[in-house]
Each structure stands twice: as C-alpha cells, then as structure tokens.
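Novice: Input: one structure, supplied below.
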Amino acid sequence: MFDNILVVCVGNICRSPIGERYLQTLLPQKNIASAGIASKRSGLVGKPADSMAVQVADEHGVDISAHQSQQLTAELCAQYDLILVMEKGHLSALSEIAPEARGKAMLFGQWIGQKDIPDPYRQSKEAFDYAYQLIVQAADAWRAKL
C-alpha cells in the first residue's frame, strides 16, 4: 500500500537523511527517499549531510555519507504514497509546495507520542543524539504500522 515513502525536514541534511536511511534498513522492500522543504532557499541542494549527522548515524551503523540534499517539489511529492515530516509546521510548508499531497503526509513521530522531532542543526552532539534516538523510535513504530 505504502511502497514509496518520502521523509522530509527543512534542509535535508540532518533529520530526513537519517530517517530515510534507517527506514531503508527496516523496510528494504520499500522505495524510500528524503527531501527538504527549504533546501533550495538555504543553498543546500546537492550538499552532503551535516558532518555531525553523518558522525552520529555512523556511530549506530547507519551510513549517510553519500547523501545529497534535494528540494521538495510537487513533482517529487507525486511520486510517493506516504510523506513523513519531522514537525507539525512542515505540514503547512508541504501544503504550500504541493497542496494535493497534504492528504498523504503525516508526522514521522506520529506513533511515539512525540509529535515533533527537533532540528539538531548547529547544535550540540547531544542534540543530534537525541534526534537520532527519536528517529529510530519513530521509524520502528512506522515499521510496525506498515
């Protein structure tokens, strides 16, 4: 039913690459990608994942070193059955980019009582560790639902 899953955050360099890659390990039969709602505006399109995100993911055996940021577009949204966003505010941003995709968008943290997964960008390693733990919990919950 949900064979194509898109994970979304702001710049597509911290949370969504981790969520994408971790979900791929849990659901290898699914097509999973990620994008950012403000990658283009932030000048991040084509950029690698944040170095701290790469380090934290690597510490847990998740490799995001080859990741490249991409901008969320209406065309991209059309290719996916389920779009998982990191924060409630991302639902509004997604609706502006692709109003027709709003009905297939949900919060990544929907099933863990954690409605938002906070952005660790430019914060401490502890902030990245915390975001990573929430992403893993949420992805595990999504695996059970899917």
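A short reminder: the numbers here are calculations on the coordinates, not readings from a lab. Just so it is clear, the structure is predicted and the values come from calculations on it, not from any experiment. As a convention, Cβ positions derive from the backbone with ideal geometry for all residues, glycine included, and neighbour counts pool all protein chains shown.
Novice: Just one of the numbered conditions (1) surrounded by fewer than 18 Cβ atoms within 10 Å (Cβ to Cβ); (2) over 23 Å from Arg102 (Cα atoms) is not true of Ala38; which one?
Specialist: So the condition that Ala38 fails would be (2).
Novice: Looking at region 48-66 only, could you name the residues that are touching a Lys or Arg at 6+ places or on another chain (Cβ under 9 Å) and not in a loop (DSSP other than H, G, I, E, B)?
Specialist: Met52, Ala53, Gln55, Val56, Ala57
Novice: Select, from Asn4, Asn31, Asn12, the only residue that is among the polar types (S, T, N, Q), within 17 Å of Val85 (Cβ to Cβ) and surrounded by fewer than 24 Cβ atoms within 10 Å (Cβ to Cβ).
Specialist: Residue meeting the stated conditions: Asn4.
Novice: Among the residues of region 15-28 satisfying the criterion of being surrounded by 17 or more Cβ atoms within 10 Å (Cβ to Cβ) and among the hydroxyl-bearing types (Ser, Thr, Tyr), which is nearest to Lys88 (Cα to Cα)?
Specialist: Among those that are surrounded by 17 or more Cβ atoms within 10 Å (Cβ to Cβ) and among the hydroxyl-bearing types (Ser, Thr, Tyr), it is Ser16.
Novice: Still on this structure: Given the conditions (1) within 20 Å of Phe2 (Cβ to Cβ); (2) of a type in the set (A, V, I, L, M); (3) assigned to a helix (DSSP H, G or I), report the number of the one that Ala33 does not fulfil.
Specialist: Only one criterion in (1) within 20 Å of Phe2 (Cβ to Cβ); (2) of a type in the set (A, V, I, L, M); (3) assigned to a helix (DSSP H, G or I) is unmet by Ala33, namely (3).
Novice: Is it fair to say Val45 is surrounded by 15 or more Cβ atoms within 10 Å (Cβ to Cβ), hydrophobic (A, V, I, L, M, F, W, C) and not in a helix (DSSP H, G or I)?
Specialist: Yes.
Novice: Restricting attention to region 90-146, which residues are surrounded by fewer than 16 Cβ atoms within 10 Å (Cβ to Cβ), without any contact (Cβ under 8 Å) to a residue 12 or more places away in the chain and more than 14 Å from the chain's Cα centre (by Cα)?
Specialist: If the condition is that a residue be surrounded by fewer than 16 Cβ atoms within 10 Å (Cβ to Cβ), without any contact (Cβ under 8 Å) to a residue 12 or more places away in the chain and more than 14 Å from the chain's Cα centre (by Cα), then Ser92, Ser95, Glu96, Pro99, Arg102, Gly103, Gly113, Arg122, Gln123, Ser124, Glu126 are the ones that fit.
Novice: With the structure loaded, tell me whether Asp81 is surrounded by fewer than 17 Cβ atoms within 10 Å (Cβ to Cβ), under 18 Å from Ala144 (Cα atoms) and in contact (Cβ under 8 Å) with a residue 12 or more places away in the chain or whether it fails that test.
Specialist: yes
Novice: Is it the case that some residue within region 81-88 is out of contact with any Pro (no Cβ under 6 Å at 6 or more places or on another chain) and either polar (S, T, N, Q) or assigned to a helix (DSSP H, G or I) (or both)?
Specialist: Checked against the condition, which is being out of contact with any Pro (no Cβ under 6 Å at 6 or more places or on another chain) and either polar (S, T, N, Q) or assigned to a helix (DSSP H, G or I) (or both), region 81-88 yields at least one hit.
Novice: Part of a loop (DSSP other than H, G, I, E, B) and in contact with a Gly (Cβ under 8 Å, 6 or more places away or on another chain): does that describe Ser69?
Specialist: Values: part of a loop (DSSP other than H, G, I, E, B): yes; in contact with a Gly (Cβ under 8 Å, 6 or more places away or on another chain): yes.
So Ser69 fits the description; yes.
Novice: Could you check Glu75 against (1) surrounded by fewer than 22 Cβ atoms within 10 Å (Cβ to Cβ); (2) touching a residue at least 24 places away in the same chain (Cβ under 8 Å); (3) assigned to a helix (DSSP H, G or I) and say which number it fails?
Specialist: Failed condition: (2).
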